[in-house]
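The values are calculated or read from the model by the stated rules, or taken from the named source; none is laboratory data. The model shown is predicted, which means the values in this text are computed figures rather than measured ones. Positions of Cβ are generated from backbone atoms using ideal geometry, with glycine treated the same way; all protein chains shown enter the neighbour counts.
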Amino acid sequence: MNIKQPVLFSYHESIATITINRENVYNAIDLPTAEALRQRLMDIEHDSTVRAVVITGTGAAFCSGSDLHFAQEVNPDAPGYSFLALTDVLHDSISRIRKMSKPVIAAINGPAAGAGFFLALACDLRIMAKSAYLKQSNTSNGLSIPAGGTFTLPRLIGMAKALEIALLDEPIPAEQALRLGLVTKLSSDTQLFDEAQQLARRVAQMPINTLGRVKRLMNKSYYATLDEQLESERLEIAASANEAEGREGIAAFLEKRQPDYKRALASSSMEDTLVHLP
């Protein structure tokens with residue numbers, strides 16, 4: 001393992017795995033790490049061979065959040081300027097995860113704190129090791145919440161519980177995280193990576209462009225009226241039915257067979273293959 005690379009990347013069976021690789025600081029995110037993460041996400045967005053993404057961390061932690069040592073060292077008298085630069089890049093990655101048509105899975109192998117917690121929440125699915133925990137962390141360090149946390153947290157668990165987490169900043173063990181709906185499922189520590197890959201392979205068999213359309217509709221629902229949302233749904237289902245995945249899904253249902261969405265996309269035009277979400 002090359003410890004000089006802040007983010008590692010691997011690809012197998014249509015699954016891209018992004019690993020934050022700063023084990024000595026519990027995978028805290030400094031500016032080079034944020035830039036490397038963004039670059040990997042940008043590459044994946046336009047790679048039609050990637051059908052699902054797993055994000056995880058090396059060693060004992062998923063991600064301990066923003067690197068406070070980095071912020072202090074770069075601007076000791078005004079560390080806020082370090083956070084402006086860091087969040088400019090990191091927030092672009094959060095936005096890309098939410099808008100990406102490919103499903104993104106967080107494999108939470110250890111503590112996910114601060115921006116690491118909210119990076120996990122930005123993912124579509126979260127599988128968590130039973131020994132891991134979540135922690136908001138920022139307010140205890142005198143810092144506001146970044147990385148989309150104030151957006152995702154209240155929408156996942158409600159305003160009252162989100163404020164409780166923000167104000168009290170208590171660790172959230174895996175079992176509690178599951179009960180609250182913060183994670184999709186739990187895994188033993190030794191099986192986490194295998195189960196995350198298995199989950200990724202499962203969603204990779206799904207119609208990726210269609211999943212992207214659903215993510216787009218979910219994103220819109222936060223600021224659309226009911227009538228606007230209904231119209232968006234009307235247009236999206238019509239468009240999806242006309243594309244390769246929709247035609248394959250309908251044909252497979254009528255022919256009483258399993259659909260092959262990957263083959264359908266491979267034989268379709270590039271316009272069908274790439275979905276860009278607004």
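Observations, loosely collected:
- Of all residues in the range 112-169, those satisfying the criterion of being small (Gly, Ala, Ser), over 25 Å from LEU31 (Cβ atoms) and in a helix (DSSP H, G or I) are ALA160, ALA162, ALA166.
- Test for ALA60: is it in contact with an Asp or Glu (Cβ under 8 Å, 6 or more places away or on another chain), over 23 Å from MET206 (Cα atoms) and surrounded by fewer than 22 Cβ atoms within 10 Å (Cβ to Cβ): yes
- Of all residue pairs spaced 6 or more apart or on separate chains, those with beta-carbon atoms under 8 Å, a first member in the range 73-84 that is within 16 Å of GLY142 (Cα to Cα) and a second member that is of a type in the set (Ser, Thr, Tyr) are PHE83/SER66.
- Residues in the range 252-278 that are farther than 15 Å from MET206 by Cα and modelled with pLDDT of 90 or more: LEU254, GLU255, LYS256.
- Scanning the range 130-151 for residues that are under 22 Å from GLN198 (Cβ atoms) and either in contact with a strand residue (DSSP E or B) (Cβ under 6 Å, 6 or more places away or on another chain) or without any contact (Cβ under 8 Å) to a residue 12 or more places away in the chain (or both) turns up LYS130, ALA132.
- The helices (runs of 4 or more DSSP H) found wholly in the range 206-272 include none carrying at least 2 residues that are over 26 Å from the mean Cα position of the chain (by Cα), among the polar types (S, T, N, Q) and surrounded by fewer than 18 Cβ atoms within 10 Å (Cβ to Cβ).
- When we screen SER48, SER101, SER95 for residues that are in a loop (DSSP other than H, G, I, E, B), under 12 Å from the mean Cα position of the chain (by Cα), surrounded by fewer than 23 Cβ atoms within 10 Å (Cβ to Cβ) and not hydrophobic (A, V, I, L, M, F, W, C), the only hit is SER101.
- For the range 157-170, the set of residues classified as closer than 17 Å to TYR133 by Cα and either within 21 Å of the chain's Cα centre (by Cα) or hydrophobic (A, V, I, L, M, F, W, C) (or both) consists of ILE157, ALA162, ILE165, ALA166, LEU168, listed by residue number.
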